[in-house]
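In what follows, a structure is listed as structure tokens, so that the remarks can point back to it.
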Amino acid sequence: MTHPTGWGLIGASNVAREWIIDAIRAQPGGEVRAVLSSDVGRGAAFAQANDIACHTTSLQDLLSRPDIDAVYISTGNRLHFEQAIAAARAGKHVMCEKPLALSVEDASEMVRICNHAGVVLGTNHHLRNAATHMAIHGLIEDGRIGGLIAARVFHANFLAAALQGWRVNEQDGGVLLDSTIHDIDTLRFLFDENPVSAFAMTQSGRLARDGIADGIMAILRFPGDVLVQIHGGYTTPFSPGGIEIMGERGIIIGRDCMSQRPIGTVSVRDADGEREIALKHHNLYHRAFGLFTSAIHGDGRPAASGEDGVASLAIALALRESALTGREIGINVP
Ligand code: NDP
């Protein structure tokens, strides 16, 4: 069924330009009606380049428009909280970029206010929409490799020059809240559980300013004594992205699957050898915005909800605390 859905973009960002405008327009009835930028010239240029009728520097202007049903927030991480709260109070549904906020308290407050306002809150954790991860989830659920023992995630690459801004210079940047948080969300999706404790070491100074992590080695302990290792980073060119999940009877191998693009393969290796699983790839963001659009029209829930955003942030912040203190940190997901 076609649902006309008017969107406002909060943030004239790279991710909106590269992926999200297309994902909104791919939904039947999905229209981008206005964009908010803090800079009038950047907003005007962004609107013109992306065929958006209106631009504004006023959040209140954007939120007071009756033709906007939902907002997509992709500003700098420190702004998500106040913009999401304002949008919810104006009765707009909110698809927010990760991290939802910079503290678990603020992220939980976003969930509470959105629930109270009766609007849907989604977190744009795209990877759980990938055909690869959906297939891996199915294989684990079907018991294809038996009880889980351990996993490894490889999600380190080289940060493109065009992206070497806030990610490597500002305190709300760094690889942990930028990309490792996606790995955390993906693991929560694959295992249908939250980890119980976290340990991490970070590195800094190759691309990022000292004190901002441009590399991380993390360990999460999941229930049942399942250990997961994650390598994330901005500084290692040519590294493949992938995931391996080891069970009592075999291994699931996901290759090139930690990507925004609909690529990658999934194989199972066990006593019968290695077999590739047939996949039908689709655009990850199209699926995320399709599920979100259905949810705001009363059908189903977003791929990653506000609660998912809170949980993945809580785990990421436990890893940060571990890196700062050198201790294994117990995780309490609210
Ligand atoms: P950008 O740096 O492109 O945009 C973030 C903000 O920076 C914009 O809102 C914009 O402010 C400002 N900005 C953009 N260009 C300039 C410029 N030339 N000079 C000064 N300021 C500028 O960030 P990203 O698109 O990479 O990330 C935005 C958010 O999306 C982050 O929260 C990030 O974590 C998330 N993200 C999520 C991804 C996913 O796949 N889920 C992928 C990439 C990012 P203004 O709006 O005021 O113009």
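Scanning segment 240-280 for residues that are surrounded by 15 or more Cβ atoms within 10 Å (Cβ to Cβ), assigned to a loop (DSSP other than H, G, I, E, B) and more than 16 Å from the ligand (Cβ to nearest atom) gives Ile277, Leu279.
Yes/no matrix, rows are residues, columns are (1) hydroxyl-bearing (Ser, Thr, Tyr); (2) outside any helix (DSSP H, G or I); (3) free of Cβ contacts under 8 Å to residues at least 40 places away in the same chain; (4) on the phi > 0 side of the Ramachandran plot:
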site: His155; (1), (2), (3), (4): no, yes, no, no
site: Ser179; (1), (2), (3), (4): yes, no, no, no
site: Thr186; (1), (2), (3), (4): yes, no, no, no
site: Leu190; (1), (2), (3), (4): no, no, no, no
site: Pro195; (1), (2), (3), (4): no, yes, no, no
site: Arg206; (1), (2), (3), (4): no, yes, yes, no
site: Ile212; (1), (2), (3), (4): no, yes, no, no
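Annotation note: Cβ proximity below 9 Å between a residue of segment 75-88 that is farther than 17 Å from Val120 by Cβ and of a type in the set (A, V, I, L, M, F, W, C) and a residue that is more than 9 Å from the ligand (Cβ to nearest atom) and at pLDDT 95 or above (sequence gap 6+ or interchain) occurs for Phe81/Leu100; Phe81/Ala101; Phe81/Leu102; Phe81/Ser103; Phe81/Asp106; Phe81/Ala107; Phe81/Glu109; Phe81/Met110.
From the residues in segment 163-174 that are within 11 Å of the ligand (Cβ to nearest atom) and of a type in the set (A, V, I, L, M, F, W, C), which one is farthest from Val15 (Cα to Cα)? Top of the filtered list is Trp166. Taking the residues in segment 148-162 that are over 19 Å from the mean Cα position of the chain (by Cα) and closer than 21 Å to Thr186 by Cβ as candidates, determine which candidate is farthest from the ligand (Cβ to nearest atom). Looking at the filtered set, the residue picked out is Ile149.
For Leu79, state whether it is within 13 Å of the ligand (Cβ to nearest atom), under 30 Å from Ala53 (Cα atoms) and surrounded by 24 or more Cβ atoms within 10 Å (Cβ to Cβ). Here the answer is no, as Leu79 does not meet what is asked. Candidates are the residues of segment 21-44 that are within 22 Å of Pro99 (Cα to Cα) and in contact with a Ser or Thr (Cβ under 7 Å, 6 or more places away or on another chain); the one that is farthest from the ligand (Cβ to nearest atom) is Leu36. If the condition is being assigned to a helix (DSSP H, G or I) and within 14 Å of the ligand (Cβ to nearest atom), then segment 107-147 contributes Ala107, Met110, Leu127, Arg128, Asn129, His133.
The values are calculated or read from the model by the stated rules, or taken from the named source; none is laboratory data. Just so it is clear, the structure is predicted and the values come from calculations on it, not from any experiment. Here Cβ is always computed from backbone atoms with ideal geometry, including for glycine, and neighbour counts include all displayed protein chains.
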